[in-house]
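Following: one structure in C-alpha cells, then a few remarks.
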Protein chains: 2
Amino acid sequence: MDDRALYDITYGLYIITAICDDYMNGQIANTVFQVTSDPKTITVCINKQNLTHEMIEKSKRFGVCILTQDAPMDMIGLFGFKSGREINKFEGVAYITAQEGTPVITDYCKGYIECDLKQSVDVGTHTMFIGDVVDAQVFKKDKPLTYAYYHQVKKGTAPKTAPTYRQESLMDSSENEVPKYRCPICGYVYDPEVGDENAGVISETQFADLPEDWTCPLCRAPKSSFTNE
Amino acid sequence: MDDRALYDITYGLYIITAICDDYMNGQIANTVFQVTSDPKTITVCINKQNLTHEMIEKSKRFGVCILTQDAPMDMIGLFGFKSGREINKFEGVAYITAQEGTPVITDYCKGYIECDLKQSVDVGTHTMFIGDVVDAQVFKKDKPLTYAYYHQVKKGTAPKTAPTYRQESLMDSSENEVPKYRCPICGYVYDPEVGDENAGVISETQFADLPEDWTCPLCRAPKSSFTNE
C-alpha cells in the first residue's frame, strides 16, 4: 500500500469560524465540500480537540471563509497553528458579521458561506459537521488558495490535528542535498530558495543568514529552536 | 445571498468504482476527502439514484481513481453522463484489480485508493460513504485533474445528480457576444475557441462548421440536437 495516493486528493484551504458566548474563533481546514444541491448543504471535518469544534457544537452554526492564493503565511499560522484557548485570533483581523451572526474574515478571503448545523457525524478523532447554507457572499475574483499550492509553493505543513496530517518522513522524499531546518512546533521547513517574503527575507537566503530574531512564519517559534536534519 | 461562493470550494475529479455480483461500474465524483488520518478514512458523496450507490451499499466497498489533468472528455462523458444500468462502462477500459477486488482504472489515473465501507450517512438526496483505506497505489506523477480545470479549461459541466450541480443560468455570466450551442442532454457548451481535440476539431472552428456527424464530447448526443441560445 502506498499512502501517498491520499496526497493526490485535491483540497482548498479555508478558515472555519464560529461565535459562542460572544467569543469569536476560527481555524484552518481543508476538508470542506458541498454535500447536496437541493437543499444546499456543506460539510466540514473538524478535530474533536479543537476549540472551534466545541464552539460549533454549542452554537450550532459555522462559517466557511474561502482563502485567496495570496493569503500570507502568518495568517495561516495564526489560524492553523495557534489555539483560540490561548489567544484571541480575531484581535487585529478584519471581519464582518454574516446574516446569522457568524464572524467572517474579509482580508485574503474570496467570500464566505454561513451554515446552520444540521447534522453531526462522529468519525472517531473528528466530527463531520453538515450545515444548511443560510448566507453566502463573494468578495473578489482572486484565485482560491488550494492545498496543493500551500504545500508546493508556500511550503506549508499540516498540524497533527488535521484529517490529512502526514508523517514528516513521507513529506520530503527528494532534494536532500541542502541541510533542512525544521520548526519543532509546527513542522514548517525553511526553504532558502523561497525565503520569507513577509519577514523581508529574500530568496536564496541561507538559514544561517536569517536574522537572529527571525521566527517561524507559521507558528512564531524562535529561529534558535529550529532543528537541522 | 450569493450562491456563487459555493463554486469557490476546491475539488478534484475522480472515478468511484465498485463491483457487485461480478458486474463492474464506476462514476465521476468530485466530493472526496480524507476524514481522519488515524485510522486512514476517506469519504465520498454519491447520489442515491446512481447505480454506483446501489453497488457500494451492497458490496460494502469502493475504489477512488484519481484522474490526471489530461483525462479526455469522452472518458469523463462515459463515466459521468452514462448509466451503468444501460451500458457496461468497463468494456474497453484498461483496469487492474485492487487488493480486495475493486476494479481500478489505469488510463488517465494518477493512482487509486480502495476502501472498505465503514459508515453510511444519509444526507437527503445523497449518501456520504465513509471507508477505511485498505489499499492505495500511485501510478504516475502527472498533475491531478481539478474541478476548476475541468470547468475552466475543459469547459465541462456537472449532471443534475451531482452534489455541486449548478443551474445553467448561473454558469455563464459573461462572454455573451458569440451565440452558444448547448447540449440538451448534459449541458455541455461547445466553445469555438477550444474546439474538440479528441474529435480532430481545431480551435477557432465555429459550431456551424463542425462535421454533421460530430457528437457531444461528453454524452455523444448528435450535433443536430444542440440548441442555440
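The values are calculated or read from the model by the stated rules, or taken from the named source; none is laboratory data. Bear in mind the structure is a predicted one, so any value in this text is a computation, not a measurement. Cβ atoms come from the backbone with ideal geometry, glycine included; neighbour counts cover every protein chain shown. The accessibility values were calculated without ligands, DNA or RNA, using every heavy atom of the protein model including side chains. Shrake-Rupley method; radii C 1.70, N 1.55, O 1.52, S 1.80 Å.
For B:G124, the test of being open to solvent by less than 10 Å² (accessible area, probe 1.4 Å) and not polar (S, T, N, Q) is failed.
A:A5 falls short on exactly one of the conditions (1) closer than 23 Å to B:V64 by Cβ; (2) assigned to a strand (DSSP E or B), and that condition is (2). For B:I113, state whether it is part of a strand (DSSP E or B) and surrounded by fewer than 21 Cβ atoms within 10 Å (Cβ to Cβ). Against the criterion (part of a strand (DSSP E or B) and surrounded by fewer than 21 Cβ atoms within 10 Å (Cβ to Cβ)), B:I113 does not qualify.
From (1) open to solvent by less than 30 Å² (accessible area, probe 1.4 Å); (2) closer than 21 Å to A:F129 by Cβ, pick out the condition that doesn't hold for B:V64. Result: B:V64 fails condition (2) only. For the structure I just gave you, tell me whether B:I66 is away from chain A (no Cβ under 14 Å) and either farther than 18 Å from B:P144 by Cα or in contact with a Pro (Cβ under 9 Å, 6 or more places away or on another chain) (or both). Taking the combined requirement at face value, the residue does not satisfy it.
So how many residues does the range B:115-170 have that are facing chain A (nearest Cβ under 9 Å), touching a helix residue (DSSP H, G or I) at 6+ places or on another chain (Cβ under 8 Å) and of a type in the set (D, E, K, R)? Going through the range B:115-170 one residue at a time, the tally reaches 1. Counting only residues that are touching a Pro at 6+ places or on another chain (Cβ under 6 Å) and open to solvent by less than 10 Å² (accessible area, probe 1.4 Å), which one in the range A:11-33 is farthest from the other protein chains (Cβ to nearest Cβ)? Going through the qualifying residues, I end up with A:T17. Scanning the range B:192-211 for residues that are farther than 14 Å from B:Y181 by Cα, modelled with pLDDT under 90, open to solvent by 80 Å² or more (accessible area, probe 1.4 Å) and not in a helix (DSSP H, G or I) yields one hit, B:E204. Quick check on my filter: what residues within the range B:35-58 are within 11 Å of chain A (Cβ to nearest Cβ), open to solvent by 10 Å² or more (accessible area, probe 1.4 Å) and free of Cβ contacts under 8 Å to residues at least 40 places away in the same chain? Across the range B:35-58, the qualifying residues are B:S37, B:D38. Residues in the range A:84-100 that are surrounded by 14 or more Cβ atoms within 10 Å (Cβ to Cβ) and in a loop (DSSP other than H, G, I, E, B): A:G84, A:K89, A:F90, A:V93, A:A98, A:E100.
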